[in-house]
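Have a look at the structure below before the remarks.
The values are calculated or read from the model by the stated rules, or taken from the named source; none is laboratory data. Bear in mind the structure is a predicted one, so any value in this text is a computation, not a measurement. So basically every Cβ, Gly included, is an ideal-geometry build from the backbone, and we count neighbours across all protein chains shown.
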Amino acid sequence: MVYDWYESQRAMLSPLAEFAEAASKFYTNPLWPLSQTPGAQRLSASYELMHRLLKSYEKPAFGITSLKVDGREIAIQEQVALDKPFCRLLRFKRFTDDPKVLDRMKNAPTVLIVAPLSGHHATLLRDTVRTMLQDHKVFITDWVDARMVPTEQGGFSLDDYIAYVQEFIRHIGPDVHVMSVCQPTVPVLAAISLMASAGQATPHSMVMMGGPIDARKSPTAVNNLAMNKSYEWFENNVIYRVPVNYPGAGRRVYPGFLQHTGFVAMNPDRHFNSHYDFFLDLVRGDTDDAEAHRSFYDEYNAVLDLPAEYYLDTIRIVFQDFALVHGTWHVDGQPVRPQDIRNTALMTIEGELDDISGAGQTEAAHQLCTGIPEADSTHFTVPGAGHYGIFAGRRWRDITYPRVRDFIAAHREGVVQKVSRRRTA
């Protein structure tokens with residue numbers, strides 16, 4: 001019922017949003033004499049703000065088509081490496097006609113970035129991908145909006161998520177490093193643990209950034225909500241069926257618009273001030289700051305629906321039972337044993353000011369992965385960084401990325417080979 005109501009409201013407001021967009025352009029059209037009057041700029045700014053508050057936001061494109069490597073411009077092509085019902089594995093293929101640059105790119109480490117399935121699209125990691133492409137071959141998980149997946153494809157649980165990660169690792173091959181950002185740190189650790197327990201080849205390294213490995217540590221508002229409400233409360237209050245106007249009609253989901261409401265509710269003053277500053281920038285004609293606002297909210301306001309099975313599994317296993325840290329988690333009957341990982345190096349990263357994954361939650365992975373040699377485990381807290389500053393923006397590019405790059409480079413051959421070489425030296 002709530003989802004149907006939301007869709008009807010969206011349909012009713014769509015014409016008003018389009019009118020506001022047209023009016024905004026009208027009042028800045030130099031061919032119209034009144035556009036030069038003092039009040040025209042303010043009117044145009046008011047209408048554009050109205051348009052952006054009322055419009056629907058679709059999934060943005062990655063838009064990464066070129067990059068500079070060693071001072072040379074190289075072309076980037078986005079390719080679908082593997083297409084699954086609930087996720088596309090994307091590869092960003094690099095092209096150049098410079099033999100030296102080409103040789104360096106061919107020998108670069110391969111990195112699988114596991115993007116979060118927690119509301120926003122994988123394009124939220126655009127800056128992460130663009131930066132990693134300087135020195136790596138890059139794949140990323142591009143999760144599909146659950147409302148776009150027909151019910152004939154079946155459900156999608158946390159176990160299925162883990163199976164997807166394992167399939168992607170095997171598809172890419174043994175010479176891979178895995179980076180998980182926020183939510184996927186837990187299922188990625190489970191996926192690699194199960195592979196290790198089964199005696200399968202595991203990635204050379206795993207980089208875990210700002211995720212709830214142990215959500216009991218320094219709980220945030222996000223953690224408290226998940227821990228203080230019962231499983232039944234979530235099932236009864238945030239799960240709805242997709243309306244008939246989508247391919248996934250009838251599928252049970254945690255709707256994106258409810259998630260977005262929660263995102264905004266965490267920092268309402270910050271968002272109000274941001275929109276007001278955007279209005280003032282438009283009035284002053286500050287195009288650079290206004291465009292930065294548009295770019296941020298085009299991404300921030302684009303959300304997707306989560307499969308109900310996966311979302312409820314995450315609430316119970318990660319935030320209520322703490323099954324990973326208690327050692328009680330089983331996937332398809334197999335226990336999740338991080339202590340069995342021996343051939344994969346581990347780097348954990350947290351933000352000093354992270355208000356989504358609190359201090360110590362990601363670092364807790366080291367206490368679980370006791371089989372990894374101490375020399376192949378490291379932790380870094382990014383000074384002054386909030387949650388998004390871990391993987392995007394200046395702090396990511398200038399402070400965090402060089403450490404990630406060097407960590408991956410140091411473990412290109414894997415832990416076992418390095419240990420063996422040290423013993424025979």
All positions within region 123-136 that are surrounded by 22 or more Cβ atoms within 10 Å (Cβ to Cβ) and of a type outside the set (Val, Ile, Thr): Leu125, Met132, His136
message: Pull out all pairs, ordered by first then second residue, where Cβ-Cβ is under 6 Å, the residues are six or more apart or on different chains, the first lies in region 109-135 and is touching a residue at least 24 places away in the same chain (Cβ under 8 Å), and the second is polar (S, T, N, Q).
response: Val114/Thr141; Val114/Ser180; Ala115/Thr141; Pro116/Gln183; Ser118/Gln183; Gly119/Gln259
task: Evaluate region 63-86: report whether one residue or more is at pLDDT below 95 and acidic (Asp, Glu).
output: yes
- request: Mind listing whichever residues of region 143-179 are under 23 Å from Tyr246 (Cα atoms) and surrounded by fewer than 18 Cβ atoms within 10 Å (Cβ to Cβ)?
  value: Met148, Pro150, Thr151, Glu152, Gln153, Gly154, Gly155
- line: Checking Ala265, Ala249, Ala191 in turn, the sole residue that is farther than 30 Å from Arg403 by Cα and touching a residue at least 24 places away in the same chain (Cβ under 8 Å) turns out to be Ala249
message: Among the residues in region 94-101, are any touching a His at 6+ places or on another chain (Cβ under 8 Å), farther than 23 Å from Asp214 by Cβ and of a type outside the set (A, V, I, L, M, F, W, C)?
response: no
- prompt: What is the number of the single condition among (1) in contact with a helix residue (DSSP H, G or I) (Cβ under 9 Å, 6 or more places away or on another chain); (2) of a type outside the set (A, V, I, L, M, F, W, C); (3) surrounded by fewer than 24 Cβ atoms within 10 Å (Cβ to Cβ) that His204 does not meet?
  reply: (3)
- prompt: Before we move on, is Ser180 assigned to a strand (DSSP E or B), of a type in the set (Ser, Thr, Tyr) and at pLDDT 95 or above?
  reply: yes
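Hey, does region 214-224 have a residue that's more than 24 Å from Ala115 (Cα to Cα) and either crowded, with 17+ Cβ neighbours inside 10 Å or without any contact (Cβ under 8 Å) to a residue 60 or more places away in the chain (or both)? First the steps, then the outcome.
Our first condition is that a residue be more than 24 Å from Ala115 (Cα to Cα); within region 214-224, this holds for none.
Within region 214-224 (the criterion being more than 24 Å from Ala115 (Cα to Cα) and either crowded, with 17+ Cβ neighbours inside 10 Å or without any contact (Cβ under 8 Å) to a residue 60 or more places away in the chain (or both)), the answer is no, since none of the residues qualifies.
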message: Could you list, ordered by first residue, the pairs with Cβ atoms under 7 Å in which the first is in region 163-178 and free of Cβ contacts under 8 Å to residues at least 40 places away in the same chain and the second is of a type in the set (A, V, I, L, M) and in a loop (DSSP other than H, G, I, E, B), at least 6 apart or interchain?
response: Pro174/Ala201
- prompt: So which residues in region 189-223 are part of a helix (DSSP H, G or I) and under 23 Å from Gly384 (Cα atoms), if there are any at all?
  reply: Ala221, Val222, Asn223
